[in-house]
Amino acid sequence: MKIGFHGGVGEVTGSRHLLEAEGLKVLLDCGLFQGHRKEALAKNRTTPFDAAEVNAVLLSHAHVDHCGNLPLLVKRGFKGLIYCTEATLEIAAIMLRDSARLQESDAKFFNKIHARQGSAETIEPLYDEADVDACLARLVPRPYMTWVDLSDKVRFRFHNAGHVLGSAMIEVEVAPATGGRRRVFFTGDLGRRKSLLMDPPDVPKTVDYLLIESTYGDRNHDPVDRVESLIKTVVDRAVAEKGKILIPSFALERTQEIIFVLEKMIRRGQIPLIPVYVDSPMAINITEIFSRHLDGFSFSPEFKDYVAREGDPFDFKAIRYVRTSEESQTLNDKKGPMIILSASGMCEGGRILHHLRNNLDKDTTTILIVGYQAQGTLGRRLQDGAKKVKIFGLEHEVWARVETLYTFSAHADQSDLLWFMKSLDPRPRKIFLVHGDPDDRAALKQALRVEGITRVECPDYGDVFDLA
């Protein structure tokens, strides 16, 4: 039995780990790498194993950095099944189709702009919607806490991860011919103990080998109860200056969390009633899934209680859902104050790029960062204070304010991660820290050492470990 790390190590994107056990090859996630365009294309086009030899994929959740490269895997010969939760299947269909459309439209726009500039540089999408359809035909839903046999010696089950709607941790149990059992446990993205929408993650009983994310391994989040005061400060300033608030937002979970908070604040009179535009067809479609299942999935009791008292928080008068590109373009000419939520969350594609192009040069604009920004992304460069950035290869000056709200993160912070690992009894034989930048992983490894947990590895891309 061995585990190979082929993405999502030393970086917070492109999750992809290959477990080999008892003659099976099982892929844990198959995500898109997001970062500098040339580096991202190179990494996404590279499959360091034969896709046709993979027997099954176990998918933790529907964020594109975990599922976004599945169509390319199928395109390159994967013939097995892709297992996920029911909610993840429903959301992944939206995410992957949108990913294909974004790649095609961004490539078309990039090539058109560069042709105008006299450049011969062009890019091509990784896959198209036909490839997505072929991929979706292989997705099979399975409920939480139900064992599924992959062979007579290997089985798996999903646990609630508490991260986003439908998110799962993956437990793989192997019964070697030599006797005994070994359990490999992959957290995917681990949720917080206290969340605006989700139940906290489950803690498993017995784990031999743990793969755990470390996105915020070096810090703790602001408490969720501070979010309203931080939002109020930004909104009040935009109202006074008649400015726009641009929120690059992940379509899954983050958009719905922000809508929920804004709805509560407007309902209570904490902020004035100003237009809130959700300018992302994908985010709109996912929000409709939330509305259809307000009493189900893994929502927290507190959120369900609010819905029972106040009704659907995703359907209130300040929200304008923008579907067409023509509607989106009209926002450029509208005066503030207004709030625009638009994908992608790391500013690496989608309509947010057009809003940034048209508003970065205005000092009345606020760019509100509400999620993790991976190294090399446009969002990270803005967050780090860049005064000039390139969008579609053309340089733009940054006069807008850029502010970050760490409160919204759906990822466990350092205290949550330590709580999770200290709750495991007995301690795992080995812990692998994945899905974290180098500094984040190093800080978490040191914090674990202080707690007496020392059997910890920080694998690099391409590393393979034998699991005894």
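The values are calculated or read from the model by the stated rules, or taken from the named source; none is laboratory data. For clarity, every value in this text was computed on a predicted model and none was experimentally measured. Cβ sites come from the backbone with ideal geometry, for glycine too, and all protein chains shown count toward neighbours.
Pairs are defined by a Cβ separation below 6 Å, a sequence spacing of at least 6 or placement on different chains, a first member in region 94-122 that is among the charged types (D, E, K, R), and a second member that is modelled with pLDDT of 80 or more and not in a helix (DSSP H, G or I); the pairs so defined are E104/P125; D106/G349. V261 meets the conditions (1) under 23 Å from the mean Cα position of the chain (by Cα); (2) at pLDDT 95 or above; (3) among the aliphatic types (A, V, I, L, M); (4) surrounded by fewer than 24 Cβ atoms within 10 Å (Cβ to Cβ) in every case but one. The failed one is (2). For beta carbons closer than 9 Å, sequence separation of 6+ or different chains, a first residue in region 48-72 that is polar (S, T, N, Q) and a second that is part of a helix (DSSP H, G or I), the qualifying pairs are S60/H66; S60/C67; S60/T88; N69/N44.
Taking the numbered list (1) closer than 25 Å to F250 by Cα; (2) out of contact with any Ser or Thr (no Cβ under 8 Å at 6 or more places or on another chain); (3) modelled with pLDDT of 85 or more in turn, L72 passes all entries but (2). Inspect region 363-374 for any residue being surrounded by 17 or more Cβ atoms within 10 Å (Cβ to Cβ) and over 30 Å from K38 (Cβ atoms) and give the result as yes or no. Among the residues of region 363-374, at least one is surrounded by 17 or more Cβ atoms within 10 Å (Cβ to Cβ) and over 30 Å from K38 (Cβ atoms), which makes the answer yes.
I'd like to know if region 131-140 contains one or more residues that are among the basic types (K, R) and within 21 Å of the chain's Cα centre (by Cα). No, that holds for no residue.
Each row is one residue, and each column tells you yes or no for (1) among the polar types (S, T, N, Q); (2) under 16 Å from L252 (Cα atoms); (3) not in a loop (DSSP other than H, G, I, E, B).
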{"position": "N332", "(1), (2), (3)": "yes, no, no"}
{"position": "G345", "(1), (2), (3)": "no, yes, no"}
{"position": "R357", "(1), (2), (3)": "no, no, yes"}
{"position": "D361", "(1), (2), (3)": "no, no, no"}
{"position": "T364", "(1), (2), (3)": "yes, no, no"}
{"position": "L368", "(1), (2), (3)": "no, no, yes"}
{"position": "Y372", "(1), (2), (3)": "no, yes, no"}
{"position": "G379", "(1), (2), (3)": "no, no, yes"}
{"position": "L382", "(1), (2), (3)": "no, no, yes"}
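Within region 76-132, if we keep just the residues that are over 25 Å from D29 (Cβ atoms) and of a type in the set (K, R), the residue that is surrounded by the fewest Cβ atoms within 10 Å (Cβ to Cβ) turns out to be R116.
Quick check on region 300-330: of everything there that is in a helix (DSSP H, G or I) and aliphatic (A, V, I, L, M), which residue is surrounded by the fewest Cβ atoms within 10 Å (Cβ to Cβ)? For region 300-330, the residue satisfying everything is A308. Exactly one residue out of L294, L273 is modelled with pLDDT under 90 and part of a loop (DSSP other than H, G, I, E, B), and it is L294.
Any residue at all in region 38-58 that is crowded, with 24+ Cβ neighbours inside 10 Å and either closer than 29 Å to P143 by Cβ or not basic (K, R) (or both)? Among the residues of region 38-58, at least one is crowded, with 24+ Cβ neighbours inside 10 Å and either closer than 29 Å to P143 by Cβ or not basic (K, R) (or both), which makes the answer yes.
For T407, the requirement of being crowded, with 20+ Cβ neighbours inside 10 Å, of a type in the set (S, T, N, Q), within 30 Å of F185 (Cα to Cα) and out of contact with any helix residue (DSSP H, G or I) (no Cβ under 7 Å at 6 or more places or on another chain) is not met. Regarding region 290-309, can at least one residue be identified that is without any contact (Cβ under 8 Å) to a residue 24 or more places away in the chain and within 23 Å of Y406 (Cα to Cα)? Yes, region 290-309 has at least one match. Of the residues contained in region 246-254, one or more are found to be in contact with a Cys (Cβ under 7 Å, 6 or more places away or on another chain), surrounded by 19 or more Cβ atoms within 10 Å (Cβ to Cβ) and either modelled with pLDDT under 95 or not in a helix (DSSP H, G or I) (or both). Which of the numbered conditions does L139 fail, given that it passes all the others? Conditions: (1) surrounded by 16 or more Cβ atoms within 10 Å (Cβ to Cβ); (2) in contact with an Asp or Glu (Cβ under 9 Å, 6 or more places away or on another chain); (3) over 21 Å from D202 (Cβ atoms). So L139 meets the others, but not (2). Filtering R449, R401 for residues that are assigned by TED's automatic domain parsing to the domain that holds Q256, surrounded by fewer than 19 Cβ atoms within 10 Å (Cβ to Cβ) and more than 20 Å from the chain's Cα centre (by Cα) leaves a single hit, R401. Would you please list the contacts, defined by Cβ atoms under 6 Å and residues six or more apart or on different chains, that run from a residue in region 385-414 that is within 24 Å of E257 (Cα to Cα) to a residue that is of a type in the set (F, W, Y)? Pairs that qualify, where the first residue is within 24 Å of E257 (Cα to Cα) and the partner is of a type in the set (F, W, Y), are H411/Y216; D413/Y216.
The number of residues in region 162-180 being of a type in the set (G, A, S) and farther than 17 Å from F290 by Cβ comes to 5.
Among residues of region 223-242 that are surrounded by fewer than 16 Cβ atoms within 10 Å (Cβ to Cβ), those with a Cβ under 6 angstrom from a residue that is part of a helix (DSSP H, G or I), sequence gap 6+ or separate chain, pair up as R226/T407.
Taking the condition surrounded by 19 or more Cβ atoms within 10 Å (Cβ to Cβ) and in contact (Cβ under 8 Å) with a residue 24 or more places away in the chain, does L444 pass? Taking the combined requirement at face value, the residue satisfies it.
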